[in-house]
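The values are calculated or read from the model by the stated rules, or taken from the named source; none is laboratory data. Computed from a prediction, not measured in an experiment: that's the story for all the values here. Positions of Cβ are generated from backbone atoms using ideal geometry, with glycine treated the same way; all protein chains shown enter the neighbour counts. Note: accessible area is taken over every heavy atom of the protein model, side chains too, but ligands, DNA and RNA are not part of it. Shrake-Rupley method; radii C 1.70, N 1.55, O 1.52, S 1.80 Å.
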Amino acid sequence: MATTKLAVGLLAVLFLTVNGASYVQNADEEYNKNFYGQKIGTFVQDVPLADIRGEVFAAADRAIWVQKFRLNVPSDCTSVVFLVGEKGGAAVQPDGGGVPVKDNKNSIELASVDNANFTLNLPIELEDVAWLSVYCRNTNETLASVVFNDVETPTPLELNEVFKGEHRVESERVVIVDHQTVFIQNLQYDGQGPATWFIAGNVLPVTSNGATKLSNQDGVFDYGTLPSYLPARNVTVQFPRDASVFEFDWLSLYCTQIHLNFDDVKLPTP
């Protein structure tokens, strides 16, 4: 695996289209201090019996990623919701004056959950959010909250690593487009691995044990093996709905049958 650090800026103007959206990056622009997105904070409990934990990351202009979320709904709470407060709004501190946010199941009402990962789509722009809270509506209590300080909207980030390894694996740019999408420019691979997947994980050396399977070039997760990418082609890789680039240290082109890492790139850590 390459050990060079992440790029601060692109070497040239980069234009790419992923899922119908276009992204243009300029050579001299800085990218959020060398990482994609940022960790906004962790939930701070206001009511101990609620047992709320979790980390919150900036994911897009109107989205956040909530990771390792735990909620033990108190017995006296019959209606628990996520609320967001707007900067300059009436609710300066987390309270019942915020706007309800639907959870990952498109529901406003929250239930007890443990170690959940999900994206929250915001009703306002990310940079306009003052706070996010878990609020009990029937007791008018803020159970836990996260304050948003100096949060910036994430932008696509080019890594200062490319693929170059076994079975003619080679690429040009590797770009984190958003927290669940990676774009690989002009990827080559001879297709000879019997059960080759894109995977992401944390264990070193790179292994499929405990790793997460990512999509193939068509956005399909239930596939047997990757095809040949000869001639080279642009490939967009998706993370599962309950996973994010924020969770992992590397992304690999890996043969799960012969347990061989064809090559991998390091992912940024907020």
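Among the residues of segment 173-186, write down those that are surrounded by fewer than 23 Cβ atoms within 10 Å (Cβ to Cβ), within 22 Å of the chain's Cα centre (by Cα) and free of Cβ contacts under 8 Å to residues at least 60 places away in the same chain.
Result: no residue meets the conditions.
Residues being of a type in the set (S, T, N, Q) and open to solvent by 50 Å² or more (accessible area, probe 1.4 Å): count how many of those fall in segment 142-151.
Start the filter on segment 142-151 by keeping residues that are of a type in the set (S, T, N, Q), which leaves 142, 145, 149.
Then drop every residue that is not open to solvent by 50 Å² or more (accessible area, probe 1.4 Å), which leaves 149.
Looking only at that region, the number is 1.
Regarding VAL134, is this residue more than 30 Å from TYR254 (Cα to Cα), modelled with pLDDT of 95 or more, aliphatic (A, V, I, L, M) and open to solvent by less than 70 Å² (accessible area, probe 1.4 Å)?
Numbers: more than 30 Å from TYR254 (Cα to Cα): yes; modelled with pLDDT of 95 or more: yes; aliphatic (A, V, I, L, M): yes; open to solvent by less than 70 Å² (accessible area, probe 1.4 Å): yes.
Against the criterion (more than 30 Å from TYR254 (Cα to Cα), modelled with pLDDT of 95 or more, aliphatic (A, V, I, L, M) and open to solvent by less than 70 Å² (accessible area, probe 1.4 Å)), VAL134 qualifies.
For every residue, the table says whether it meets (1) closer than 25 Å to LEU143 by Cβ; (2) of a type outside the set (D, E, K, R); (3) at pLDDT 85 or above; (4) open to solvent by less than 30 Å² (accessible area, probe 1.4 Å).
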residue	(1), (2), (3), (4)
VAL13	no, yes, no, no
VAL66	yes, yes, yes, yes
ASN72	yes, yes, yes, no
CYS77	yes, yes, yes, yes
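Among the residues in segment 152-166, are any open to solvent by 60 Å² or more (accessible area, probe 1.4 Å) and more than 30 Å from LEU226 (Cβ to Cβ)? Before the answer, list the steps.
Restricting attention to segment 152-166, the residues satisfying the condition of being open to solvent by 60 Å² or more (accessible area, probe 1.4 Å) are 152, 160, 162, 164, 166.
Adding the requirement that they be more than 30 Å from LEU226 (Cβ to Cβ) leaves 152.
The answer is yes, given that some residue of segment 152-166 is open to solvent by 60 Å² or more (accessible area, probe 1.4 Å) and more than 30 Å from LEU226 (Cβ to Cβ).
Among the residues of segment 113-131, what is the count of those that are in a strand (DSSP E or B) and either within 12 Å of VAL80 (Cβ to Cβ) or open to solvent by 70 Å² or more (accessible area, probe 1.4 Å) (or both)?
In the first step, residues of segment 113-131 are kept if they are in a strand (DSSP E or B); the result is 113-121, 129-131.
Still in the running and either within 12 Å of VAL80 (Cβ to Cβ) or open to solvent by 70 Å² or more (accessible area, probe 1.4 Å) (or both): 113-115, 121.
Total satisfying the criteria: 4.
Please give the number of the condition PRO100 fails out of (1) within 30 Å of SER252 (Cβ to Cβ); (2) surrounded by fewer than 20 Cβ atoms within 10 Å (Cβ to Cβ); (3) not β-branched (Val, Ile, Thr).
Every listed condition holds for PRO100 apart from (1).
For segment 176-189, what are the residues that are out of contact with any His (no Cβ under 7 Å at 6 or more places or on another chain) and either in a loop (DSSP other than H, G, I, E, B) or within 17 Å of GLY219 (Cβ to Cβ) (or both)? First the steps, then the outcome.
First, pick out the residues of segment 176-189 that are out of contact with any His (no Cβ under 7 Å at 6 or more places or on another chain): 176-188.
Result: ILE176, VAL177, ASP178, HIS179, GLN180, THR181, VAL182, PHE183, ILE184, LEU187.
Residues checked against (1) more than 28 Å from ASP150 (Cβ to Cβ); (2) in a strand (DSSP E or B); (3) out of contact with any Pro (no Cβ under 8 Å at 6 or more places or on another chain):
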site	(1), (2), (3)
GLY54	no, yes, yes
PHE57	no, yes, no
TRP65	no, yes, yes
ARG70	no, yes, yes
ASP76	yes, no, yes
PHE82	no, yes, no
